[in-house]
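The values are calculated or read from the model by the stated rules, or taken from the named source; none is laboratory data. Here the structure is a predicted model, which means the values were calculated and not measured. FYI the Cβ positions are ideal-geometry reconstructions off the backbone, even for glycines, and counts take in every protein chain you see.
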């Protein structure tokens, strides 16, 4: 039987004004679905993998719609627990040029926030699985999800799954002190840690010198030190750091640094004219996970992850709606954007 990849977290209803309007201008909102681990699951499924997404959703038409969306992309939703009051919502205002994008959350008291430990039978969920992925957003949502998340990574590790964790610090969800305490426990059971330029500093106080994420100036050499220190925090054997150099809300440079304790791998750098950067990190995670299970070379895996996430940021919505062959073409250098007939 084909081995399964498991992700656990919240899928939300995303509402955003079209055409770069501000929320105060909006008379129409576009509907999408997204959330860190849901984005990873959908992207892995698009690459042809067997994927189960685990969450809790209300037993109402909005919960049905979220499930239907995931199923349409090939994600197994059979382990989604139904119940609770509401689906989490977030409002996204797209930035442009010097105006940054902004997010407003309405996710308090969502179904997943009120989930209980008995809602999830991890022994059944992990049957036939080889990989488990979670992010720091999930335990940040509620105290019960702290317990559930720790349960999940412990059982995954006991069953021999590879465990990956995207630190994904969100200051609006919890404090740095709480994040450090909880994530310090979770990464004891983690094989692969993923972070961006700021996560390592926010969660573990590990900072890259000579770097200013506001101005977009990154010193890659100092991120090697960050990666080395992250490996020492928990039990992980691999660290990946996404590197975003923000020229404006519309134009970024995008690359990644990977470290496995022996070799530093710096990916190719892409110049992106952004359509939608939300989900860019999640698409990198999915691409890297797919690559590590697809290619014999870790460099190929990293380049696949970066190419996949570069493509995602040209697509509206949270999810990376691209196929494996499209990513491989980008890896080979086909970045002209010429019309394909």
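For segment 2-72, give me every one of the strands (runs of 3 or more DSSP E) that falls completely inside it and has 3 or more residues that are closer than 25 Å to residue 294 by Cβ. Walk me through how you get there before you give the answer.
Working: elements: 4-8, 12-16, 30-34, 50-54.
Where strands (runs of 3 or more DSSP E) fall fully within segment 2-72 and carry at least 3 residues being closer than 25 Å to residue 294 by Cβ, they are 4-8, 50-54.
A single member of 155, 137, 194, 206 is touching a residue at least 24 places away in the same chain (Cβ under 8 Å), in contact with a helix residue (DSSP H, G or I) (Cβ under 6 Å, 6 or more places away or on another chain) and surrounded by 23 or more Cβ atoms within 10 Å (Cβ to Cβ), and it is 194. The set of residues in segment 304-319 that are under 17 Å from residue 244 (Cβ atoms) and in a helix (DSSP H, G or I) comprises 305, 306, 307, 308, 309, 310, 311, 312. Considered as a group, the residues in segment 209-223 that are farther than 22 Å from residue 136 by Cβ and either surrounded by 15 or more Cβ atoms within 10 Å (Cβ to Cβ) or touching a strand residue (DSSP E or B) at 6+ places or on another chain (Cβ under 6 Å) (or both) include one that is modelled with the highest pLDDT, and that residue is 220. Within segment 113-129, residues that are in contact (Cβ under 8 Å) with a residue 24 or more places away in the chain reach partners that are in a loop (DSSP other than H, G, I, E, B) and surrounded by fewer than 20 Cβ atoms within 10 Å (Cβ to Cβ) with beta carbons closer than 6 Å, at six or more positions or on different chains, in the pairs 113/142; 125/79; 126/159; 128/1. Restricting attention to segment 279-296 and to residues that are part of a loop (DSSP other than H, G, I, E, B) and touching a helix residue (DSSP H, G or I) at 6+ places or on another chain (Cβ under 9 Å), the residue that is nearest to residue 39 (Cα to Cα) turns out to be 279. Quick check on residue 338: is it farther than 23 Å from residue 34 by Cβ, touching a residue at least 24 places away in the same chain (Cβ under 8 Å) and out of contact with any helix residue (DSSP H, G or I) (no Cβ under 9 Å at 6 or more places or on another chain)? It is false that residue 338 is farther than 23 Å from residue 34 by Cβ, touching a residue at least 24 places away in the same chain (Cβ under 8 Å) and out of contact with any helix residue (DSSP H, G or I) (no Cβ under 9 Å at 6 or more places or on another chain).
For segment 94-103, check the following and say yes or no: at least one residue is assigned to a strand (DSSP E or B), more than 30 Å from residue 327 (Cβ to Cβ), over 21 Å from the mean Cα position of the chain (by Cα) and at pLDDT below 95.
From segment 94-103, those assigned to a strand (DSSP E or B) are 96, 99, 102-103; that's our starting set.
So of that shortlist, the ones also more than 30 Å from residue 327 (Cβ to Cβ) come out as 99.
Subset that is over 21 Å from the mean Cα position of the chain (by Cα): 99.
Checking the rest, the ones that are also at pLDDT below 95 come to 99.
Taking every residue of segment 94-103 in turn, at least one turns out to be assigned to a strand (DSSP E or B), more than 30 Å from residue 327 (Cβ to Cβ), over 21 Å from the mean Cα position of the chain (by Cα) and at pLDDT below 95.
With respect to the conditions (1) over 24 Å from residue 278 (Cα atoms); (2) surrounded by 15 or more Cβ atoms within 10 Å (Cβ to Cβ); (3) more than 16 Å from the chain's Cα centre (by Cα); (4) at pLDDT 95 or above, residue 181 falls short on a single one, namely (2).
Restricting the search to segment 269-278, which residues are crowded, with 17+ Cβ neighbours inside 10 Å and assigned to a loop (DSSP other than H, G, I, E, B)? Steps first, please.
Of segment 269-278, the ones crowded, with 17+ Cβ neighbours inside 10 Å are 270, 272, 274, 276-278.
274, 276, 277, 278, listed by residue number.
Selection of first residues in segment 74-86 that are on the phi > 0 side of the Ramachandran plot and of second residues that are crowded, with 17+ Cβ neighbours inside 10 Å, restricted to Cβ pairs under 6 Å at least 6 apart or on distinct chains, gives the following pairs, ordered by first then second residue: 74/45; 84/56; 84/58; 84/111; 84/114.
If I ask for residues that are exposed (fewer than 15 other Cβ atoms within 10 Å of the Cβ), without any contact (Cβ under 8 Å) to a residue 60 or more places away in the chain and at negative phi, which ones from segment 3-29 would you list? Correct list: 18, 24, 25, 27, 28. Restricting attention to segment 248-268, the residues that are part of a loop (DSSP other than H, G, I, E, B) and crowded, with 16+ Cβ neighbours inside 10 Å add up to 5.
Restricting segment 232-247 to residues that are crowded, with 18+ Cβ neighbours inside 10 Å and not in a strand (DSSP E or B) leaves a set whose member that is modelled with the highest pLDDT is 236.
Considering 53, 79, the condition of being over 18 Å from the mean Cα position of the chain (by Cα), under 14 Å from residue 9 (Cα atoms) and modelled with pLDDT of 95 or more is satisfied by 79 alone. The residues of segment 30-48 that are exposed (fewer than 14 other Cβ atoms within 10 Å of the Cβ) and touching a strand residue (DSSP E or B) at 6+ places or on another chain (Cβ under 7 Å) amount to a single one, 31.
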